[in-house]
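Worksheet: the structure to be examined is printed underneath.
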Amino acid sequence: MPKPLPLFIAFLLFSLSSHAYSATDKAEVAALEWLEAIDSGAYEQAWETSSPLLQIPLSSNMLERTISAARRDFGAVQSRQRLRVIRETSMPGAPIGDYAVITFKTRFENKPQIIETITPHLEGDAWKVSGYYVK
């Protein structure tokens, strides 16, 4: 007769990993929707769907000016490929919580390879972008 405990442990590990994967998928969807708004110039929409962690220090106009300056010479996005997702429970200068640090390799019209890092934060049951960096 098979031992039920190892089977239960395997089921539990599978359930936990699929839950984490699902949360990571949702974080990535939120990040990509936010990036799509930025890519299309819909900065107000991006700001409205952002985390208060981003909204409090930056008005929608400041967000637009900051990102426009950072991406001024890049041109249009041609492709974006996820490189990695790292889950964190703390970020510098931010409260303890659930964060996903997502790194993309992005090809722009005038820049063949840019690294974008976007950080969604879980607020209630919704992932909202709290940080964005390009280099």
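Things worth noting here:
- Applied to region 76-85, the Karplus parametrisation 6.51 cos²θ - 1.76 cosθ + 1.60 on θ = phi - 60° returns per-residue 3J(HN,Hα) values of 6, 6, 9, 7, 9, 10, 5, 9, 6, 10 Hz, with x for Gly and Pro.
- Sorting 62, 91 by accessible area puts them as 62, 91; the probe is 1.4 Å, largest comes first, and only protein heavy atoms count.
The values are calculated or read from the model by the stated rules, or taken from the named source; none is laboratory data. It should be emphasised that the depicted structure is a prediction, and the values quoted were computed from it without experimental measurement. The accessibility values were calculated without ligands, DNA or RNA, using every heavy atom of the protein model including side chains. Shrake-Rupley method; radii C 1.70, N 1.55, O 1.52, S 1.80 Å.
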